[in-house]
Amino acid sequence: MSAQPPGAAFARSCTVPVDHPAFAGHFPGQPILPGVALLAQVLAVWRDAGSALPPPPQPLRLAMAKFLAPVGPGAVLQVELTAEARQLRFAVTLAGQPAAQGAFALEAP
């Protein structure tokens, strides 16, 4: 694990591409970003954090995730990450409302 103290944080907004390939099958006429694609957005923000947060361990382990609101094409997400003792917590908001939350383990199994 890296030397960042517990409570180290990073936030960034990101936009879900309108033409994201996951929308093709989820769901015709009412596209919704699948949870796994939303987690990929969270991981991209984590990787962008550089030295502000511990790097993702390999293999990566999802400790917990809750998907609270649908995310559609072109959605602007705010992703907030906070390092704790053994977890990296994430909170995703969409238009100020919770869209997802959860945690990744910071130590490989």
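Just so you know, all these numbers are worked out from the coordinates, no wet-lab data involved. This one's a predicted model, so the numbers in the text were calculated from it and none came from an experiment. Positions of Cβ are backbone-derived with ideal geometry, glycine not excepted, and every protein chain shown enters the neighbour counts.
Things worth noting here:
- If you go through segment 76-104 and keep only what is out of contact with any Phe, Trp or Tyr (no Cβ under 7 Å at 6 or more places or on another chain), over 14 Å from LEU39 (Cα atoms) and surrounded by fewer than 21 Cβ atoms within 10 Å (Cβ to Cβ), you end up with VAL76, THR82, GLU84, ALA85, ARG86, LEU94, ALA95, GLY96, GLN97, PRO98.
- Residue within segment 40-63 that is more than 14 Å from ARG12 (Cα to Cα) and in contact with a Ser or Thr (Cβ under 6 Å, 6 or more places away or on another chain) present: yes
Table: residues versus (1) over 20 Å from ALA95 (Cα atoms); (2) over 12 Å from the mean Cα position of the chain (by Cα); (3) charged (D, E, K, R); (4) buried (at least 17 other Cβ atoms within 10 Å of the Cβ).
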| residue | (1), (2), (3), (4) |
| --- | --- |
| SER13 | no, no, no, no |
| PRO17 | no, yes, no, no |
| GLY29 | yes, yes, no, no |
| LEU39 | no, no, no, yes |
| ALA63 | yes, yes, no, no |
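- In segment 81-109, the residues that are within 12 Å of ALA65 (Cβ to Cβ) form Cβ pairs under 6 Å with partners that are in a loop (DSSP other than H, G, I, E, B) and β-branched (Val, Ile, Thr), at six or more places apart or across chains, as follows: ALA99/VAL71.
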